[in-house]
Amino acid sequence: MSENQIRVMVIDDERIVGKRLRPALEKSGYEVETFEDAVAAMERFDREPFQIVVTDIRMDEMDGLEVLERVTDRAPDTKVVVITGYATVEM
């Protein structure tokens with residue numbers, strides 16, 4: 001990893017999402033780590049923050065809004081992108 005390379009964390013409990021996003025992001029020059037478990041992802045984030053976090057909104061142990069809150073509390077400059085396959089007007 002170069003010093004200036006942007007690090008992206010992808011969190012989604014469906015493996016296929018990380019499998020598809022990782023190569024696309026790496027092709028654009030980002031360093032990418034994928035996680036299916038939001039709790040494990042946040043443990044990793046606590047050790048070494050990322051510049052961008054992409055997270056699913058609907059997950060079991062910790063949902064995307066909890067991830068958003070935790071990331072912004074610890075690293076306010078980190079950008080968080082919340083995604084979902086279950087979009088509704090309320091969401």
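The values are calculated or read from the model by the stated rules, or taken from the named source; none is laboratory data. This is a predicted model, so every value here is computed, not measured. Here the Cβ positions follow ideal geometry from the backbone for every residue, glycine too, while neighbour counts run over all protein chains shown. Remember, those area values only see protein heavy atoms, side chains included, never the ligands or the DNA or RNA. Shrake-Rupley method; radii C 1.70, N 1.55, O 1.52, S 1.80 Å.
Observations on the model:
- Ranked by how many other beta carbons lie within 10 Å on average, peptides 18-25, 54-61 from highest: 54-61, 18-25
- Heavy-atom accessible surface of region 1-83: percent carbon and sulfur, 1.4 Å: 46
- Overall form of the chain per C-alpha gyration tensor (a/c, 1.5; a/b vs b/c): oblate
- Excluding ligands, DNA and RNA, the accessible surface per residue across the chain is 65 Å² with a 1.4 Å probe.
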